[in-house]
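Please read the structure below before turning to the comments.
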Amino acid sequence: MFIVGVTGGIGSGKTTVSRYLEDKGLVVLDADRISGDVTAEGGSAVAEVAEVFGPASVGLDGAMNRKYISDIVFHDRMKLDLLSSIVHKHVFAEMEKRIEEETAKNTKCLILDVPIPVQRFVDMSDQVWVVRCDPDTRIARLIDRGLSPGEAQRRIAMQLSDAEYADLADFVIDNSGSIEQTYSQVEELIKSQLVERGIRV
Ligand code: ATP
């Protein structure tokens, strides 16, 4: 099975790219969705989050209390790293389980959609496609999505820099232009990297 890791910082357009690949019929494992699963009621990460961040970090519904946790971690780098390490551990365990399931089904190609490219993700991927976007456009898109300018800048600053993302990339998709321009770059990669390997898309 050929595994493509798609990554990029907040607001770069990573989800836009991975949804397009999903619409083309490729199987996508979305770390954000899996992270939602492991922190939902009954999710594998909830008990550990409660142990580390206290009982208020879990709501009455038994799921991680996102609002409470966001207010803590987005103002404290060490706590963000701590939360990330707990959630990532559970997300990757779940991803590995799902990769095994897809392997058993003889799936030829799998897309991993991961916002924070920890080494384990890079190791799991045969190829990494990084989605990038000009800083001003990226901030404008995040503001359109409801973040304040300050919050958008703070969240971007807490992630890897563009140069660090670019270092991981086998290919970079520039999403600074129109959606159509982005889709056509993805089509080029589908042809040159997937179809060329005999993967039917
Ligand atoms: P996050 O990590 O926050 O989920 P992301 O990297 O997955 O962000 P998207 O959700 O794909 O980014 O895009 C961010 C926002 O910008 C979305 O509201 C999306 O609809 C919009 N957007 C993405 N690409 C374009 C584009 N080329 N032109 C206009 N709007 C875009």
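Kindly indicate which of I143, I139 is aliphatic (A, V, I, L, M), closer than 25 Å to D76 by Cα, within 14 Å of the ligand (Cβ to nearest atom) and open to solvent by less than 50 Å² (accessible area, probe 1.4 Å).
Working: I143 fails: open to solvent by less than 50 Å² (accessible area, probe 1.4 Å).
On inspection, the qualifying residue turns out to be I139.
Contact list please: Cβ distance under 6 Å, first residue in region 163-182 and touching a residue at least 12 places away in the same chain (Cβ under 8 Å) and near the ligand (Cβ under 10 Å from one of its atoms), second residue part of a loop (DSSP other than H, G, I, E, B) and hydrophobic (A, V, I, L, M, F, W, C), pairs at least six apart or on different chains.
From region 163-182, the pairs are N175/C133; S176/C133.
Can you pull out every residue in region 20-36 that is under 18 Å from E96 (Cβ atoms) and more than 16 Å from the ligand (Cβ to nearest atom)?
V27
Restricting the first residue to region 30-52 and requiring it to be more than 18 Å from S70 (Cβ to Cβ), which pairs with a second residue that is buried (at least 20 other Cβ atoms within 10 Å of the Cβ) and aliphatic (A, V, I, L, M) meet a Cβ separation below 6 Å and a spacing of at least six or different chains?
Qualifying pairs under 6 Å: I34/V91; S44/V38.
Could you tell me how many of the residues in region 78-103 are closer than 18 Å to V49 by Cβ and open to solvent by 30 Å² or more (accessible area, probe 1.4 Å)?
10
So the check is Cβ under 8 Å with 6+ separation or different chains; which pairs have a first residue in region 11-26 that's within 21 Å of I143 (Cα to Cα) and open to solvent by 20 Å² or more (accessible area, probe 1.4 Å) and a second one that's within 12 Å of the ligand (Cβ to nearest atom) and among the hydroxyl-bearing types (S, T, Y)?
Once the first residue is within 21 Å of I143 (Cα to Cα) and open to solvent by 20 Å² or more (accessible area, probe 1.4 Å) and sits in region 11-26, its partners that are within 12 Å of the ligand (Cβ to nearest atom) and among the hydroxyl-bearing types (S, T, Y) give T16/T182.
Which of the following residues is away from the ligand (no atom under 16 Å from the Cβ) and either of a type in the set (K, R) or at negative phi (or both): V17, V58? Give the steps one after another, and end with the answer.
Details: V17 fails: away from the ligand (no atom under 16 Å from the Cβ).
The match here is V58.
I'm told I34 meets every condition in (1) part of a helix (DSSP H, G or I); (2) loosely packed, with under 15 Cβ neighbours inside 10 Å except one. Can you identify the failing condition by its number?
The one condition I34 does not meet is (2).
Considering every residue within region 47-61, establish whether at least one is surrounded by 20 or more Cβ atoms within 10 Å (Cβ to Cβ) and within 27 Å of I111 (Cβ to Cβ).
Step one: of region 47-61, the residues surrounded by 20 or more Cβ atoms within 10 Å (Cβ to Cβ) are 49, 53, 58.
From what is left, the residues that are within 27 Å of I111 (Cβ to Cβ) are none.
Scanning region 47-61 turns up no residue that is surrounded by 20 or more Cβ atoms within 10 Å (Cβ to Cβ) and within 27 Å of I111 (Cβ to Cβ).
I'd like to know if region 162-175 contains one or more residues that are β-branched (V, I, T), open to solvent by less than 70 Å² (accessible area, probe 1.4 Å) and within 22 Å of F74 (Cα to Cα). Outline the logic, then answer.
Of region 162-175, the ones β-branched (V, I, T) are 172-173.
From what's left, open to solvent by less than 70 Å² (accessible area, probe 1.4 Å): 173.
Add one more test, that the residue is within 22 Å of F74 (Cα to Cα), and what stays is none.
No, region 162-175 has no match at all.
Which of the residues that make up region 16-34 are among the polar types (S, T, N, Q) and at pLDDT below 95? Lay out the reasoning, then the answer.
So the first thing to find is which residues in region 16-34 are among the polar types (S, T, N, Q), and the list is 16, 18.
Answer for region 16-34, where residues must be among the polar types (S, T, N, Q) and at pLDDT below 95: there is none.
The values are calculated or read from the model by the stated rules, or taken from the named source; none is laboratory data. None of the values given here were measured: they were computed from a predicted structure. Cβ sites come from the backbone with ideal geometry, for glycine too, and all protein chains shown count toward neighbours. Side chains are part of the model used for accessible areas, which takes the heavy atoms of the whole protein and leaves out ligands, DNA and RNA. Shrake-Rupley method; radii C 1.70, N 1.55, O 1.52, S 1.80 Å.
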